[in-house]
Amino acid sequence: MSMKTQAVVCREPGQPWEVTELDLDEPKANEVRIKMMAAGMCHSDDHIQKGDAPMRMPVVGGHEGAGIIDAVGEGVTRVKVGDHVVCSFIPACGSCRYCSTGQQNLCDSGKNAATGEFPDGTFRFHQDGVDFGGLCVLGTFSQYTVVSEYSVIPIPEDLPFDVACLVGCGVPTGWGSAVHAAGVEVGQTAVIFGAGGVGMNAVQGAALAGATRVVVVDPVQFKRDKALEFGATHVFATAQEATDFVIEATWGELADHAIITVGTLHDEVIHDAISIVGKSGQVTITAVGNGTIREHPGMLIGYQRRIQGAIFGACNPLHDVPRLVGMYQAGKLKLDELITNRYSMADVNQGYQDMLDGKNIRGIVTIEH
């Protein structure tokens, strides 16, 4: 059994996104079908489309999404038909080594994110005999999608879908990069490189953690201005300006943390981040791209600096997503303000161009039915 769904797909790296009709299989055991209502436009999807990040093609785009459970397969216990849910771009099975030790962001069930393939080696999207994967085994740029029950988290029914979709990736990834991965503490100085959809939430996280100085480096004036609204204390267009300020403000001790959330990782920003942290300082790399760490070991040894990567902000989605929703509902976390523009499925290419042009903090795809 299958149904028809309109979806935004990329057939080959470098080709534009296009809207097409696909066949969607019924959910199998421990799977659910979601009627998608809104999807966030994360930079990772653009990396896939550009060919910067490897992904099996063809693929249905989107890994931030929220909607309503439309059908469930055999054995599903986490949700039921009619539940409002947000997708988690990394599933949480709850029982693997990593889930059971509080590291759900490293869940073994996330191993097929780059193929869109289900654990049984099959796919749910098809067209004329060709299998389409869903990005992160989700594919939220579609009217309907079938996913593992491990990839959905129930949300309150009064939570707007366009806000809800953001807490499936960009918000916890940024917020967690500051709060969990970096572990920013009260009174510290944190420098965030890049104030887009992820970086803006790192700003919120560092500010809520009690950092005395939340310093943002971004070349785009619009993003620097917005960062001040999200909790930044100081904003600069260049790393040199930020470094000069941090040296003066900390009496030469430099920053405690540097968090890299730029759109595309590169050598220079890694060097700048390492240079701006002081003794026992930590660099947290959340951005993806082609950057390489090219530093003399003495830069790390002499000051006991540390460099770490972070995925999903080291968040536990089953715990942290509801927590972030609660913070939003209590007025402690800005989510509505992250949404810059809304796009139809046919306008996804324009949405990503706006993102690359520095016009968006987060674009939202409104899924038409």
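The values are calculated or read from the model by the stated rules, or taken from the named source; none is laboratory data. The shown structure was predicted, so the numbers you read here are calculated from the model rather than taken from an experiment. We place every Cβ from the backbone using ideal geometry, glycine too, and count neighbours over all the protein chains shown. With ligands, DNA and RNA removed, areas are computed over all heavy atoms of the protein, side chains included. Shrake-Rupley method; radii C 1.70, N 1.55, O 1.52, S 1.80 Å.
Numbers at a glance
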item	result
Number of the exception - F118 against (1) assigned to a loop (DSSP other than H, G, I, E, B); (2) in contact with a strand residue (DSSP E or B) (Cβ under 7 Å, 6 or more places away or on another chain)	(2)
The stretch 94-108, subset in contact (Cβ under 8 Å) with a residue 24 or more places away in the chain and not in a helix (DSSP H, G or I), residue surrounded by the most Cβ atoms within 10 Å (Cβ to Cβ)	C107
Unmet requirement for P160, which otherwise passes all of (1) touching a Lys or Arg at 6+ places or on another chain (Cβ under 9 Å); (2) modelled with pLDDT of 95 or more; (3) open to solvent by 50 Å² or more (accessible area, probe 1.4 Å)	(1)
Among the residues listed as T189, T145, the single one being surrounded by 24 or more Cβ atoms within 10 Å (Cβ to Cβ), over 26 Å from G134 (Cβ atoms), over 18 Å from the mean Cα position of the chain (by Cα) and modelled with pLDDT of 95 or more	T189
Single condition C315 does not satisfy, out of (1) out of contact with any Gly (no Cβ under 6 Å at 6 or more places or on another chain); (2) under 17 Å from C87 (Cα atoms); (3) of a type outside the set (F, W, Y); (4) buried (at least 24 other Cβ atoms within 10 Å of the Cβ)	(1)
Pair list, Cβ < 8 Å and 6+ apart or interchain, from the stretch 134-147 residues that are under 17 Å from V72 (Cα atoms) to residues that are basic (K, R) and in a strand (DSSP E or B)	Q143/K35; Y144/R33; Y144/K35; T145/R33; V146/R33
Qualifying residue in the stretch 331-349 (condition: crowded, with 22+ Cβ neighbours inside 10 Å, closer than 19 Å to V171 by Cβ and touching a Gly at 6+ places or on another chain (Cβ under 7 Å))	yes
Among the residues listed as D267, D256, the single one being in contact (Cβ under 8 Å) with a residue 40 or more places away in the chain and surrounded by 13 or more Cβ atoms within 10 Å (Cβ to Cβ)	D256
Test: residue in the stretch 194-204 that is in a strand (DSSP E or B), touching a helix residue (DSSP H, G or I) at 6+ places or on another chain (Cβ under 8 Å), under 30 Å from H266 (Cα atoms) and open to solvent by 10 Å² or more (accessible area, probe 1.4 Å)	no
Yes/no for V262 being open to solvent by 10 Å² or more (accessible area, probe 1.4 Å) and in contact (Cβ under 8 Å) with a residue 40 or more places away in the chain	yes
Counted residues, the stretch 231-281 - those being touching a strand residue (DSSP E or B) at 6+ places or on another chain (Cβ under 7 Å), of a type in the set (G, A, S) and under 26 Å from L338 (Cβ atoms)	7
